[in-house]
Every structure is written in C-alpha cells, then in structure tokens.
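What follows is a set of notes on a single structure, which appears directly below.
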Amino acid sequence: MHRLDRLILCTALILLCAAFGRDRFDQWVDTTELPVLASETSVEVRDRNAELLRVYTVADGRWRLAVTPQQVDKTFVNMLIAYEDQRFYSHSGVDLRAMLRAMGQAAWNGQIISGGSTLSMQVARLLEESGTGRWKGKLRQMRVAWTLERQLSKEQILQLYLTHAPYGGNLEGVRAATLSWFGKEPNRLTPAEAALLIALPQSPKARRPDRNRAAAEQARDRILHRMVGLSALDQSTAQAALSEPVPNTRRQFPALAPHMADLALRTRPEALTHQLTLERTLQTSLETLAKSALRGLPNDLSAAIVVADHTTGEILASVGSAGYEAQTTRQGFVDMTRAKRSPGSTLKPFVYAMAFDRGLAHPQTLINDRPVAFGRYAPQNFDGAFRGELPVAEALRQSLNIPVVLLLDQIGPAHLMDVMRRAHIQPDLPGDQAGLAVALGGVGVSLSDLVQLYAMLGQGGEARVLQWRKDGEQAEASRVLNRSATWHIGDILAGLSPPAGAPARRLAYKTGTSYGHRDTWAIGYDGRHVAGVWIGRPDGTPVPGAFGGDLAAPVLFEAFQRLKPEADPLPPPPPETLMLATAQLPQPLRRFIGRNAVFRAAPDAPKLTFPPNGATLAQLDGVVPVKVRDGTPPFSWLANGQLIEAGVYRRETTLPNLGRGFSQLSVIDAEGRASRVTVQIE
C-alpha cells in the first residue's frame, strides 16, 4: 500500500472513531434524565400598582420568588457572568478551557484556586441539590448541563439560576435575596449589592450577612476587586462600592392585607400572582391606625377598616383586624370586615331615604317623637326621653329610635331588606322574617356590607358590588333610590357634629352602637370615597360604655385624613330636589301622620282607659266604673248603643243597670270623637 493510501486510511479511521464517539456522546447526552425544571415558586399578592402586599413560602418553607433576567439589574447580570462564567453565551454547557485551567491551578498550588463550573453546571447542581466536590457528582453536573443547553435557551438557563441560587437560610433566588437583604426588587442594584449577591451563593451559610457580616464583607470586596481586574467595573466605582455598608439584618417579607390575601388564595388557589385593587401605602397606614386606635383600651378589642372609591367601586384598603399575628388576645386571625354583626343605628339613613323616595316625608316634615307600641314591641330612645314634634332631619341627626320605627312601620321592614339585597348584600335575618327592629340593628351585616350600602348613597342611589380584584369584572351600577332622596341624606349626615378636632362638614357620616355595646361603628363618605370602621370584641361579648361616636368616629375621620388631605365635596342637589321650610311644604308633607292616619284616632282623641278592652268584671249591683283620658269634655257615655249619661265633664263616672254577659261601652267627646271597649260582666 502506498504511503498516501496509508495516510488516507488512517485519516478515515480517525474520523470514523471520532464520528462513532460523537454519536455515542450525543446518545449519552440525549438520554439524560433531567430533574424537574418547573419548581414551585412563592405565591405573590400585589396591589393595584403591582407593589408587593404579601408573599407566601413554598411547600418546604423556602422563599423562592419567580424572576426573569429582564427583571434583574443588568449590571448584576454582567458582573455575575464575568465572575462565574465568562464564556456563558458561547459554550455548550461545559467550558473545557475553564475546567482545564482550574485543574492546572489546583495541581500547581495544591488547593482549589478557581472553579471550573459553568452557570449551566451550577443550575444542574441546584436543581438536583447535589454536592460540588466529588468527580462523580461533577460528571453528573456536566451531563445535565449539556442536556440543558440542548433543550433550553441561554436566557432560560440564566432564569433557572436566578430563581434557585441560595442566598442564606431559606432564601432562594435573587428576588428573595434582594427583598430580604436590601428591602427592594432586583431591578436596580448598586455595584456593592450586586457583588454581595455574587458572593453569597458560593458559601451561603458562612457568608450570611446577619450572622457573619465580616465574612460577607470580605467576600463582597474580593468580588469588587476581581471585577476591576476583569474590566467589569472601573476603579473609582469599585472604590466607592467598598465603602458601602453590608446589611446586618434580614428584613421581613411583606405581609400586608393578610385577610384579603388569604381570601385571594382561597378563591383562586391555582394562581401564582394575585393583583388586588388595594393601594399599598394606604393599606400600610391604615393597618398602623387600627393598632394605634386601640391604645389604652382592653387588650381583647379589635378594629377593622374598609376604604373604597365609590366612583369606581374599587376597595382601596381592607384591614381585617388590629394585628394578624394577635392569635390570642385580640383574635387577629378573624377578619372583622366580613363578620356579620348588628349594625346598630347605621341602617337608619336608609329608612329615611326610603321615606323621602316614596314621598312619605321630607327632611323638614315634622314627626312626633312620642311613646308608641306596635303590639308587644314598644321602641324606646336610647336615653328613654321623648322630644315631641321635631323635623325628620333632626330626628336622624339625633339618631332617635321612635321616629325611624314609625317610618319603617309605614314602609314595611321587608322593603328595607329588599333595598339591601338590591344593593348586592345578603343580610343575616334572625327567623328569616323582618320586623320593625331591623331599623335599630336587628339584622346581621358586615363592615364590607355597610361600606357598600353607603357607597350607594355616595353615588346618588346607584349600587354596585365593590371590587377587590384588579382583574375582576366591573359590575354595572343599578338604581336603588332616587337622587334627591340620597342627596338629602348626605346633606343631613354632613351636618352632624364631627369628633373633637375634626373639620365640620368634611364627611356625611353615621355612627352606631349595637345592643349591649357589642359593636361600635362609624361609616362615612365624601364626593369620591367611602369608609367604614368597626371596633369591638371578635367573640361578640359586650364592651361596657363603648359608643360608636366615641370609639369609631375619630378613627373614621383619621382614616380619611390619611387617605387625602382635603375632602372631595359632596355633589350639589339634583334639579328635582325639593328644598323648602316646613311651612312651605305641601300640606301632606308638613306633618308625618302616615298613610292610614284617616283610620286612626288623633293623638288627643278620647281613650277609654278603664275598664280595659276584653276585661271580665265582677257584678257590683249592675254598676261599672269607667275612666276616660284625653278628649274634649263634656262627654257622653253609652252602653250597648244606648245613651246612659250626657254632658259629663268629669273623667270618671259609673254606668248603672248593666246586666250579666258582654257589653260594649262607649264614650264620645264634644268634638264627636269616640272610644269603645267590650267587657264581660259576671
């Protein structure tokens, strides 16, 4: 065989062996069983501006937040690649040059001087949670790295590193690190911060800044000096970074709006990100307010606050308790924005609004605050006193009980329930049948319910479901009450005296105290926003001496002050609004007498007070004593339709010659008004 032929044959054999080896290598790589690439990341709850409200750990208790390279500061990414893997974008998973260099340095110096692992190999180690020192493990990392490079893009591999790199304790990934060590997202980092984040994954336990600040600082400084040598940083920038302090404490992850965040997870457990309508700064401020409002009060009281924009129907803040961590004394885990409780007097404005809407009354209509009874139900004012005739507007401002019950008796309690349901709330009704007591709080509603009801007043009688998810469907508003009726209510409530030190006519607001001083409330609105405050015990036990005006109202006004420095004015009266004094009103609206007044006795009509109706009397020689109250003398007395006496000026007399059995006794006064009873004589 000629020499040339032998050379050609050798070359062919070498190429054949190389091809065979490459095929075997490709098969070896392609048959690699990869670890799971889609790891669980922390669920995040964000506010309306995408700011973090709350973060949850993954199942194994680690903080591992989803991140993409585009969300990370470019300087950090460039420094990371320059330090860890300079040929990251050109190698196929394993940098043989870097590995040979590392092996040579180790052999020459007798110790490891630099690592030969690429970022792809480090991702393989992080995904499998394998060690770094043994050659068997290193070979496995190389195999996985080659396979990753064939199945993923460089950006995807970098994303896996940024998601899984360890940063001390239970922190994984660059976002968890920057939030914990620097209190910010990784999109803007200083060179000093970037250098620390490069140093930490190399020895996350030994270099934890909160446990070994000196070691962390030394490692960071070595990175900065190396960056100068690699021309990744200039000398002046690195020198300035060396003087930047290393953090020595680990910050807490955001845990705002915990009750609302938990609700978001319960309603959409599959979602990794939840964006709410809340506003982070306001939420933070009101959570602080809820805690400060309870200073000096019994330590088992809690507080809740809800603020919404009634023009958009979005909830801006929701504080469910005075401290989510208060698991014992204040029962902070209970979300008191959604707990059904007695609303006290806070429903009274809606009874008055319905009366205005139906033409039963006007704010200047006179109504009689007097003793009344509806069967066995005899409502009393809070102080037990009676004011006599006064304007309806004043009756609402004074939160009197009797006038509102008189109005609801004409309207019907079921219609009040209907208004509440049309406003998209579902009250808890004891016995499933509404009685007159619902006007005074005899029904269960939540703080969120009340804020939604008052939002309807703020919107001129149009109701919509308040939204707390940013991506939720915006419900259409529906009219429940007319514009002039709700404007009158706002005008009346704006005239209430504010708490001490608060500006007058800033809010249209109402306070309430439930039966037994169990719940205190304050709900108010201006031209744009509506807010509600509840203070009480989550277990529903009484708080002796607690009143909504004393406890909740100051917190309501403070909440509005923190929301904005100046109130949005209430709207002007609609054109159809009737604004007249009592004497100028149409005759039927001057005094409230009710639709059935024509069938009722006038308040000063005669009333036969003895014997009582239905009484059984012992026979006393056929003589029965009788008494009359009110009416105009002289009186005429009748028995069974027969005149017994006439022209009697006395209010007490006797009727003779009444036989055994049933008799109807009647008295007629000088104006022809009558009263009668039926009795049985034995």
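Can you say whether A463 is crowded, with 20+ Cβ neighbours inside 10 Å and out of contact with any strand residue (DSSP E or B) (no Cβ under 8 Å at 6 or more places or on another chain), as far as the supplied structure shows?
It is false that A463 is crowded, with 20+ Cβ neighbours inside 10 Å and out of contact with any strand residue (DSSP E or B) (no Cβ under 8 Å at 6 or more places or on another chain).
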Q. Would it be correct to say that L179 is closer than 21 Å to E84 by Cβ and buried (at least 17 other Cβ atoms within 10 Å of the Cβ)?
A. no
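Of the residues L563, L580, which single one is touching a residue at least 40 places away in the same chain (Cβ under 8 Å), farther than 27 Å from F382 by Cβ and surrounded by 15 or more Cβ atoms within 10 Å (Cβ to Cβ)?
L563
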Q) Which one of A522, A546 is out of contact with any Lys or Arg (no Cβ under 7 Å at 6 or more places or on another chain) and assigned to a strand (DSSP E or B)? A) A522
Q.
crowded, with 18+ Cβ neighbours inside 10 Å and either outside the structural domain of Q398 (by TED's automatic domain parsing) or among the aliphatic types (A, V, I, L, M) (or both): is that true of V372 in this structure?
A. no
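Here is a yes/no grid of residues against (1) over 21 Å from the mean Cα position of the chain (by Cα); (2) modelled with pLDDT under 90; (3) assigned by TED's automatic domain parsing to the domain that holds A355:
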residue: D418; (1), (2), (3): yes, no, yes
residue: H424; (1), (2), (3): no, no, yes
residue: P430; (1), (2), (3): yes, yes, yes
residue: L457; (1), (2), (3): no, no, yes
residue: Q474; (1), (2), (3): no, yes, yes
residue: N482; (1), (2), (3): yes, no, yes
residue: G495; (1), (2), (3): yes, no, yes
residue: K510; (1), (2), (3): no, no, yes
Q: Could you please find all residues in the stretch 620-636 being in a strand (DSSP E or B) and over 13 Å from L658 (Cα atoms)?
A: K627, V628, R629, F635, S636
Q. Pick from P209, P258: which is modelled with pLDDT of 95 or more, closer than 20 Å to S321 by Cα and surrounded by 15 or more Cβ atoms within 10 Å (Cβ to Cβ)?
A. P258
(Q) surrounded by fewer than 18 Cβ atoms within 10 Å (Cβ to Cβ), of a type in the set (S, T, N, Q) and touching a residue at least 60 places away in the same chain (Cβ under 8 Å): is that true of N170 in this structure? (A) yes
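Mind listing just one residue for me: the one in the stretch 639-654 that is at pLDDT 85 or above and closer than 18 Å to A615 by Cβ and, of those, surrounded by the fewest Cβ atoms within 10 Å (Cβ to Cβ)?
E652
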Q) Any idea which of D604, D539 is more than 43 Å from the chain's Cα centre (by Cα) and in a loop (DSSP other than H, G, I, E, B)? A) D604
Q: Report those helices (runs of 4 or more DSSP H) wholly inside the stretch 335-452 carrying at least 2 residues which are out of contact with any Pro (no Cβ under 8 Å at 6 or more places or on another chain), farther than 27 Å from D526 by Cβ and not small (G, A, S).
A: 401-411, 413-422
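The values are calculated or read from the model by the stated rules, or taken from the named source; none is laboratory data. Everything quoted here is computed from the prediction, not taken from an experiment. All Cβ positions, glycine included, derive from the backbone under ideal geometry; neighbour counts span all protein chains shown.
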